[in-house]
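Take a look at the structure below.
The values are calculated or read from the model by the stated rules, or taken from the named source; none is laboratory data. Predicted, not measured: the structure shown is a model, and the values here were computed from it. Reconstructed Cβ throughout: ideal geometry from the backbone, glycine too, with neighbour counts over all protein chains shown. Ligands, DNA and RNA are stripped out before the accessible areas are found, and what is left, the full protein with its side chains, is counted by its heavy atoms. Shrake-Rupley method; radii C 1.70, N 1.55, O 1.52, S 1.80 Å.
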Amino acid sequence: MKQHRSRQSGGRTGNLDTVFSHSVRAALRSRRRIWKTATLAAAFSVFALYLAWLEAYDAQPHHNDESPLAEAVAQGAASAGRAAGPGPDLVKRGAYLARAGDCVACHTSDKGRPFAGGRALSTPFGTIYTPNITPDPDTGIGRWTDTDFMHAMHEGIGKEGERLYPAFPYVEYTKVTDQDVQAIRAYLNTVVPVHYTPPSNNLSFPFNQRWLMFFWNLFNFDEGRFVPEPKQSAEWNRGAYLVEGLAHCGECHTPRNFTQGLKTNEPFSGAIQAGWHAYNITPHRTSGIGKWTDQDVIGYLSTGVAHGRANAAGPMAEVVEDSTQYLNREDLRSIATYLRSLEPIDRGEARPRTEWGAPASDVVAWRGTRIDGVNGGQLFVANCASCHHWTGEGIGASAPGASAPGAYPSLIHNSVSGASDANNLAMVILHGVSRTTKDADVLMPAFGRELNDEQVAAVTNYVTKQFGNPQSTVSAEQVGRLRATAQ
Ligand code: HEC
Ligand code: HEC
Ligand code: HEC
């Protein structure tokens with residue numbers, strides 16, 4: 001059966017050479033250069049206009065008004081039937097919401113000092129280090145007013161009025177209600193203040209110019225709070241609020257345009273993030289997760305395992321570990337309900353990721369044979385079979401017939417072996433799996449040191465051919481690139 005590669009992976013596997021002739025490419029390049037110059041010129045003239053406008057209007061910037069927040073607190077308090085002020089309930093709610101928003105994941109580099117920042121986020125434009133958001137007055141946000149904090153979350157504007165980079169997901173946080181932002185702030189005020197200044201960003205010109213975010217925002221940012229859809233249920237609206245807003249699932253799962261803004265017309269249809277493929281999670285029945293039950297989604301988000309379908313590794317393991325495992329049943333159910341209602345987006349995949357593969361039966365044939373060069377099957381038996389079984393069916397709970405939460409999953413009918421590209425499989429082999437939740441400490445060792453690029457490619461290609469989607473292959477060169485991708 002012919003299998004169409006998704007647009008996502010097609011662009012990254014280097015097949016373009018066969019599609020475009022040299023002359024077409026050259027013509028495109030020079031067109032692009034002219035276009036770039038024109039855009040830059042336009043950008044600078046708009047910037048000049050913007051400066052003039054600022055001169056005229058913005059003598060009094062936005063930090064002078066505490067009223068929206070006071071109002072929010074009053075509203076929150078009124079609805080809860082108690083006096084205004086950051087009581088223990090507000091702080092508790094804030095702690096829950098901060099988890100839903102996964103603030104700790106980005107704002108922590110050393111688990112011993114949560115929220116103190118310093119985590120390096122690699123972007124196509126260079127490295128950004130997250131700021132310290134503990135209440136330390138000198139190096140954190142202890143001197144920020146609640147309004148400053150609100151402006152950061154809702155508008156992507158820092159304390160001095162500077163524009164923040166969208167590596168901070170304010171594109172989604174802008175949807176979070178005033179009350180919820182207030183609760184998050186109340187909680188952050190209670191975390192241990194850490195005196196620590198993160199390294200400064202390492203961005204190349206012109207991306208080190210914060211004002212340029214003005215243009216980025218023009219194209220990619222709609223400021224405004226979540227507006228409930230009255231025709232939909234409360235559950236659906238809660239799911240939309242979380243998925244589109246606080247939980248910012250689209251930051252990884254929605255493909256990006258050339259300015260790195262989210263492609264809002266293809267939401268949640270899958271994207272590559274730091275080498276990992278954050279899969280299509282629209283309800284398309286072959287390209288997405290249309291065949292997952294709500295219980296599969298809920299189980300995956302709360303434990304990192306959807307039995308017989310998928311396991312969360314890499315960035316998604318972190319999301320489960322730091323964020324979604326803490327969400328309550330109702331919120332998880334709301335997320336599942338909302339995901340199911342999304343427009344299904346077709347990426348041309350021939351079969352669902354979770355419906356590929358068959359157990360291996362060829363291992364016996366190799367007994368006593370000499371190892372010639374790099375053989376993926378032999379590498380699999382030597383490195384992987386002790387846990388995943390030589391048949392690939394896994395050992396323990398997720399093996400066929402077992403029902404308890406399982407240690408060593410089957411590689412057959414597994415979304416990573418059945419995906420339309422082998423990125424995540426190679427990444428799992430290079431980096432292993434590490435996921436700590438309230439249910440389990442899940443650990444698969446990393447093979448990045450033991451196996452070289454050629455060996456990782458060979459075992460990856462064996463796994464996809466035998467247990468997964470045989471059209472998904474990687475070369476040693478591609479493994480090298482994945483290995484070099486900053487995590
Ligand atoms: C995906 C990563 C990521 C997540 C998740 C994230 N942040 Fe940030 N945040 C950043 C980055 C990067 C910056 C710095 C942006 C810049 O330098 O322009 C930042 C900046 C900030 C700032 C401005 C601080 C300053 O000193 O300028 C605040 C406040 C903030 N984040 C709060 C939060 C809160 C609250 C949450 C959770 C609801 C959160 N962040 C979640 C990446 C993240
Ligand atoms: C930091 C990036 C990131 C964020 C944020 C994120 N995801 Fe993911 N997600 C991934 C990656 C990467 C994978 C693939 C994981 C793997 O292969 O083990 C994934 C996998 C999944 C899968 C399994 C798909 C499959 O076919 O195996 C589901 C379901 C999912 N994510 C839902 C969500 C939801 C819902 C949210 C928001 C609450 C979310 N994700 C937020 C990166 C992310
Ligand atoms: C020591 C035991 C062990 C060994 C050896 C091992 N694994 Fe794993 N593997 C695990 C565990 C544990 C998980 C995670 C299960 C979970 O997420 O609940 C896992 C998960 C996986 C997954 C699913 C990842 C995802 O994101 O869905 C794949 C694919 C995989 N392993 C392939 C391999 C390959 C290929 C090798 C050999 C190079 C290998 N494993 C070696 C224990 C092991």
Q | Positions within the stretch 296-307 being touching a residue at least 24 places away in the same chain (Cβ under 8 Å) and either open to solvent by 50 Å² or more (accessible area, probe 1.4 Å) or in a helix (DSSP H, G or I) (or both), in sequence order | A | VAL297, ILE298, LEU301, SER302, THR303, HIS307
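Report yes if PRO283 is farther than 27 Å from ILE184 by Cα, away from ligand 3 (no atom under 16 Å from the Cβ), outside the structural domain of ILE128 (by TED's automatic domain parsing) and buried (at least 20 other Cβ atoms within 10 Å of the Cβ), otherwise no.
no
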Q: Mind listing whichever residues of the stretch 323-357 are assigned to a helix (DSSP H, G or I), at pLDDT below 95 and surrounded by fewer than 21 Cβ atoms within 10 Å (Cβ to Cβ)?
A: GLU355
Q | Residues of the stretch 283-307 satisfying the condition of being closer than 16 Å to ARG351 by Cβ and β-branched (Val, Ile, Thr) | A | THR286, ILE289
Q | Top-ranked residue in the stretch 434-464 [being of a type in the set (D, E, K, R) and touching a residue at least 60 places away in the same chain (Cβ under 8 Å); ranked as nearest to VAL319 (Cα to Cα)] | A | ARG435
Q.
With more than 8 Å from ligand 1 (Cβ to nearest atom) and aromatic (Phe, Trp, Tyr) as the only criterion, which of PHE149, PHE125 stands out?
A. PHE125
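Mind telling me which of the residues ASP421, ASP439 ends up being at pLDDT below 90 and either within 7 Å of ligand 3 (Cβ to nearest atom) or assigned to a loop (DSSP other than H, G, I, E, B) (or both)?
ASP439
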Q: Mind listing whichever residues of the stretch 402-418 are within 10 Å of ligand 3 (Cβ to nearest atom) and surrounded by fewer than 20 Cβ atoms within 10 Å (Cβ to Cβ)?
A: PRO405, ALA407, TYR408
**Q.** Number of the condition not met by GLY480 [criteria: (1) in contact (Cβ under 8 Å) with a residue 24 or more places away in the chain; (2) under 27 Å from ALA105 (Cα atoms); (3) outside any helix (DSSP H, G or I)]
**A.** (3)
Q) Counting just the residues of the stretch 373-389 that are touching a residue at least 12 places away in the same chain (Cβ under 8 Å) and farther than 11 Å from LEU411 by Cβ, which one comes out surrounded by the most Cβ atoms within 10 Å (Cβ to Cβ)? A) LEU379
Q.
Need the failing condition index for ARG119 against (1) modelled with pLDDT of 95 or more; (2) among the charged types (D, E, K, R); (3) more than 16 Å from the chain's Cα centre (by Cα); (4) open to solvent by 30 Å² or more (accessible area, probe 1.4 Å), just the number.
A. (3)
Q) How many of the residues making up the stretch 232-266 are farther than 15 Å from SER334 by Cβ, in a loop (DSSP other than H, G, I, E, B) and more than 12 Å from ligand 2 (Cβ to nearest atom)? A) 10
Q. Taking the condition open to solvent by 20 Å² or more (accessible area, probe 1.4 Å), within 23 Å of ASN208 (Cα to Cα) and free of Cβ contacts under 8 Å to residues at least 24 places away in the same chain, does GLU160 pass?
A. yes
